[in-house]
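Peer 1: Before I ask anything, here is the structure I am working with.
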Amino acid sequence: MSKQIINIPNVKKPSTGFNHIVKAGNFIFLSSQLSTVLKTGRIVPGDIRKQTKRSMDNIKYLLSNCGCTMDNIVKTVIYFRNPSDRSVINEIYKTYFSNGQEPAKVSVQAPSPIPGIDIEIEVTAVITKV
């Protein structure tokens, strides 16, 4: 199985030694997404609701450029700072999937090393169209 880096026009290439998207076989691996503008890398401040929505929208955008939808996600890992935010995160998160197509999920309380970031979400998706 070979590894392929997927670069999307108008998405800023990270300068800290990672890629947003790596394809291996029929799998798409996304680096953790947070509340940023993908075009510039600028952090978008806001409460947990706004940060969660921005992270999920980034994931949706990146996957759409790989021929995937949110329902192609097989596993999600959510890192969040404050355990009291979990219900709000879940409320927003579940709206991004078709009923019955939710992926496996792990939630971990872990502060981001980036100031002002309260959530990061990483996903693994499978390409079903070959």
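Peer 1: Suppose R0 equals 35 Å. What FRET efficiency, 1/(1 + (r/R0)^6) with r the Cβ-Cβ distance, do Q101 and R42 give to the nearest 0.05?
Peer 2: 0.65
Peer 1: Any idea how far apart R81 and V126 come out in nm if each label point goes 7 Å out from Cα toward Cβ?
Peer 2: In this crude label model, R81 to V126 measures out at 3.6 nm.
Peer 1: Here is a follow-up. Along the positive direction of the dipole of the chain (beta-carbon charges: Lys, Arg +1; Asp, Glu -1; about the Cα centre), which of N19, S107, P45 reaches farthest?
Peer 2: N19
Peer 1: Now, a different point. In nm, what is the difference between 0.36 nm times the number of residues separating F27 and N90 and their Cα-Cα distance?
Peer 2: 20.2 nm is the gain from fully extending F27 to N90.
Peer 1: To the nearest 20 Debye, how big is the dipole of the chain about its Cα centre, given +1 on the beta carbon of each Lys and Arg and -1 on that of each Asp and Glu?
Peer 2: 340
Peer 1: Taking H as built 1.01 Å from N, whose amide H comes closer than 5 Å to the amide H of Q33, not counting residues under 5 places away?
Peer 2: I121, E122
Peer 1: Next question, about the same structure. Normalised radius of gyration for the chain, please: alpha carbon Rg relative to 2.2 N^0.38 Å, two decimal places.
Peer 2: Rounded to two decimals, the normalised Rg is 1.01.
Peer 1: How far is the Cα center of region 113-130 from the Cα center of region 33-82, in Å?
Peer 2: Here the answer is 6 Å between Cα centres.
Each reported figure results from applying straightforward, stated rules to the coordinates on display, with no laboratory input. The model shown is predicted, which means the values in this text are computed figures rather than measured ones. Here the Cβ is made from the backbone with ideal geometry for all residues, glycine too, and neighbour counts use every protein chain on show.
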